[in-house]
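Notes to accompany the following structure.
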Ligand SMILES: *Cc1c(COP(=O)(O)O)cnc(C)c1O
């Protein structure tokens, strides 16, 4: 079967994201043995490129590729870096911050949560109080909250955490490849990412960056599991390998895409393109009667934008009418994060909708999408 039985939609959701034809084609490159020298030819450059994309080539951070997804990397950080007699403080500004807390509890860790309202960023005064109150050994937070389009000030938050004598584990799943990642400058202990968001690859690998301090700490933590043990993972990563058998098609694509990002597009240009799209959506929202940006100025994500719909627009309008009309135009529209919209509807608040503008989406593609979306929303 060579012809696809499925339609091609331009994905303007917040992951998985649009994959360029060149990267789709790289999935057809030869399969290989993951303990053979051919493996090195893919993963050695890819791991180096990932460090470059994270701005941490020379700072002692070690990159790891997990089979799984962003969650796999996040859960490994909990299993490997939080000891049983310690407290982990999970700081959350939305659904993905809540996910880190859920993982900590599900793994039997002594976890407390500091929760800010959806749409808000981490308030540093409140964080400082919580650090004093709970004296955590480990703090988790979300760099770029995909459920609300809020980006936290990673460097400042990590500094507060470090000043309190704790280690910071950062969920950067929707940030890496589209948002500046001040890895070394922040001093975070672990940074988690994945392939299917701003790196514009299919899903299938989690990515972790492990600091030397985190590596030393893991030695002291019991019951790290097997695939969730970052030391097991690091042992293989040092040989440019994955701990378990990787998806060869995705490995070929990871090589092709990270070479493109580092050597063809350039990391600075890629980040500038995302910043341009952030501004582009902001200007479009200003032209859309009744629609507002959710995130406060200074905390608006370069990889996605979350809008508040005007009163009178319902969740059903977005999930059915808008989504299906956009599908007929060849797009996949994002009607907002389900749980957040359900709770807003209960409180009588208008729903949120999201526009993903990450990865390899271009300002031209985005302009076309916004024009079509504007027309559909105006017709509600
Ligand atoms: C998508 C996402 C996750 C979950 O990642 P998976 O790759 O689906 O496991 C976690 N955190 C954030 C911020 C995300 O955007």
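The values are calculated or read from the model by the stated rules, or taken from the named source; none is laboratory data. Since the model is a prediction, treat every value here as computed from it, not as a measurement. With ideal geometry, Cβ positions are generated from the backbone for all residues, glycine too; neighbour counts draw on all protein chains shown.
Among the conditions (1) away from the ligand (no atom under 16 Å from the Cβ); (2) closer than 30 Å to residue 309 by Cβ; (3) in a loop (DSSP other than H, G, I, E, B), the only one that residue 121 does not satisfy is (1).
Within the stretch 74-90, being surrounded by 23 or more Cβ atoms within 10 Å (Cβ to Cβ), more than 13 Å from the ligand (Cβ to nearest atom) and outside any helix (DSSP H, G or I) holds for 82, 88, 89.
I need the full set of residues from the stretch 182-202 which are touching a strand residue (DSSP E or B) at 6+ places or on another chain (Cβ under 7 Å) and assigned to a loop (DSSP other than H, G, I, E, B), in order please. Answer for the stretch 182-202, where residues must be touching a strand residue (DSSP E or B) at 6+ places or on another chain (Cβ under 7 Å) and assigned to a loop (DSSP other than H, G, I, E, B): 188, 189, 195. Do we find a residue being surrounded by fewer than 22 Cβ atoms within 10 Å (Cβ to Cβ), under 26 Å from residue 356 (Cα atoms) and in contact (Cβ under 8 Å) with a residue 40 or more places away in the chain anywhere in the stretch 134-144? No - not one qualifying residue is present in the stretch 134-144. Quick check: is even one residue across the stretch 204-220 within 23 Å of residue 26 (Cα to Cα) and either assigned to a loop (DSSP other than H, G, I, E, B) or at pLDDT below 95 (or both)? Yes, that holds for at least one residue. Inside the stretch 40-73, residues that are part of a helix (DSSP H, G or I) and under 20 Å from residue 247 (Cα atoms) make up a count of 15. Residue 118 falls short of the stated requirement of being out of contact with any helix residue (DSSP H, G or I) (no Cβ under 7 Å at 6 or more places or on another chain), closer than 22 Å to residue 198 by Cβ and buried (at least 18 other Cβ atoms within 10 Å of the Cβ). Does the stretch 130-151 contain any residue that is in a loop (DSSP other than H, G, I, E, B), over 14 Å from the mean Cα position of the chain (by Cα) and within 14 Å of the ligand (Cβ to nearest atom)? No - not one qualifying residue is present in the stretch 130-151.
Scanning the stretch 1-23 for residues that are under 14 Å from residue 202 (Cα atoms) and without any contact (Cβ under 8 Å) to a residue 40 or more places away in the chain returns a single hit, 21. From the list 275, 268, the one residue that fits, being within 17 Å of the chain's Cα centre (by Cα) and in a helix (DSSP H, G or I), is 275.
When restricted to residues that are crowded, with 19+ Cβ neighbours inside 10 Å and in a helix (DSSP H, G or I), the stretch 15-39 contains 3. Check the stretch 284-292 and report whether any residue there is without any contact (Cβ under 8 Å) to a residue 60 or more places away in the chain and on the phi > 0 side of the Ramachandran plot. Yes, there is a match, as at least one residue in the stretch 284-292 is without any contact (Cβ under 8 Å) to a residue 60 or more places away in the chain and on the phi > 0 side of the Ramachandran plot.
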